[in-house]
Amino acid sequence: MADPERTPPPPPPPPPPPPRQGPKSSTVVKLGALGVLSVLVVGFCAAQESEDVDADCVDMSSTQPDGSYAVIDDDYCDDDGHYHGTHGAYRWYYGGNRVGDRVRSGTTARPPDSRITSRSGRVIQRGGFGFHSGGGG
């Protein structure tokens, strides 16, 4: 017969969990998809072509009734886009329609993310990343 005053021994403790075998497959899939997406976004951004814009150096004090300006030599327009001399302000005029030595229907506001070149071949700004004014063509 069994002894009523005697209690059974406690059960043994559970075994320790097995060592981790690495990241779960769902984590690997998420990280892989994120990497692929990042490469696609960077590639898309790099593939965007900038708009080509023509520019003319103009004498802003030579406005005609039709809204056109006299085109002058590129050397009068400096790096920051204008020069205030004794003969008026000389500025780059972007995207205008040139007829002879006059230009109109453009703007003096530098277009962003564009490759800007003077009609004589001088690079004013390279598509989107910084600008360069100088050289000649």
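The values are calculated or read from the model by the stated rules, or taken from the named source; none is laboratory data. This is a predicted model, so every value here is computed, not measured. Just the protein is used for accessible areas: all its heavy atoms, side chains included, with ligands, DNA and RNA removed. Shrake-Rupley method; radii C 1.70, N 1.55, O 1.52, S 1.80 Å.
Quick grid of which residues meet (1) among the acidic types (Asp, Glu); (2) modelled with pLDDT of 90 or more; (3) assigned to a strand (DSSP E or B):
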| position | (1), (2), (3) |
| --- | --- |
| Asp75 | yes, no, no |
| Tyr83 | no, no, yes |
| Ala89 | no, no, yes |
| Val103 | no, yes, yes |
Check: Within segment 47-63, is even one residue open to solvent by 80 Å² or more (accessible area, probe 1.4 Å), at pLDDT below 80, in a helix (DSSP H, G or I) and among the small types (Gly, Ala, Ser)?
Finding: no
